Amino acid sequence: MLAIMYCVCSQPAYSHYESQAVAPPLSFSQFCLQYPEDCQRHDDRRIRDFRSSIQRWRELAQINSTVNFGIAPKDPPASRNDAEWQIFPYEGNCGDYAVTKRHLLLRSGWPSSALLLAEVMIRATGEHHLVLLVREGRAVLVLDNLSPVVTPLVDALDRYVIVRAESGDPQRWTRDVTAF
């Protein structure tokens, strides 16, 4: 009996995977109903022979800038319900910026596994915010409507705490920042 108690009690009540998996934001689920194509898995369709990492970096910077200046910001209290993320609205909140950037990169051939929506908490204010994380080689980059430049995640972690993010599969979200 003691051996059985030892085996049962010495094992964690959940696996490592279960402890890190989380439900996606309700906003994401509602977005997927409106834009199902953007929530499916997309393979890498980029032409690697003709696009250097410098060209991909420029593409990220251009899309970040185009979207940041193409959508008029609305203050959170004045914006429509956060659950209504839209691609390229006239005016919007952080969710609209992030899904628009992801949409443009998917259309440009980037794989969905490299484009991770992430809910973060801004350390200075405690406000929850949505950004796009982009895996490029070994780097993870942040595209954010609050910044005019693409920032490496390691630098952005001074400003943010990751609450949850897509895991590489658009339907699976995680809290495990080591997965990035």
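Observations
- Extreme residue, nearest to ARG102 (Cα to Cα), among residues of the stretch 144-170 that are acidic (Asp, Glu) and outside any loop (DSSP other than H, G, I, E, B): GLU166
Residue-wise test of (1) in contact (Cβ under 8 Å) with a residue 60 or more places away in the chain; (2) surrounded by 22 or more Cβ atoms within 10 Å (Cβ to Cβ); (3) under 15 Å from the mean Cα position of the chain (by Cα); (4) within 17 Å of ALA72 (Cβ to Cβ).
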| position | (1), (2), (3), (4) |
| --- | --- |
| PHE88 | no, no, no, yes |
| TYR97 | no, yes, yes, yes |
| HIS103 | yes, no, yes, no |
| TRP110 | yes, yes, yes, no |
| VAL120 | no, yes, yes, no |
| GLY137 | yes, no, no, no |
| VAL149 | yes, no, no, no |
| VAL163 | no, no, yes, no |
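- Test: residue in the stretch 41-56 that is exposed (fewer than 15 other Cβ atoms within 10 Å of the Cβ), among the β-branched types (Val, Ile, Thr) and outside any helix (DSSP H, G or I): yes
- Complete set of residues in the stretch 1-40 that are assigned to a loop (DSSP other than H, G, I, E, B) and either in contact with a Phe, Trp or Tyr (Cβ under 6 Å, 6 or more places away or on another chain) or at pLDDT 50 or above (or both): ALA23, PRO24, PRO25, TYR35, GLN40
The values are calculated or read from the model by the stated rules, or taken from the named source; none is laboratory data. Keep in mind that what you see is a predicted model, and the values were worked out from it rather than measured. Here Cβ is always computed from backbone atoms with ideal geometry, including for glycine, and neighbour counts include all displayed protein chains.
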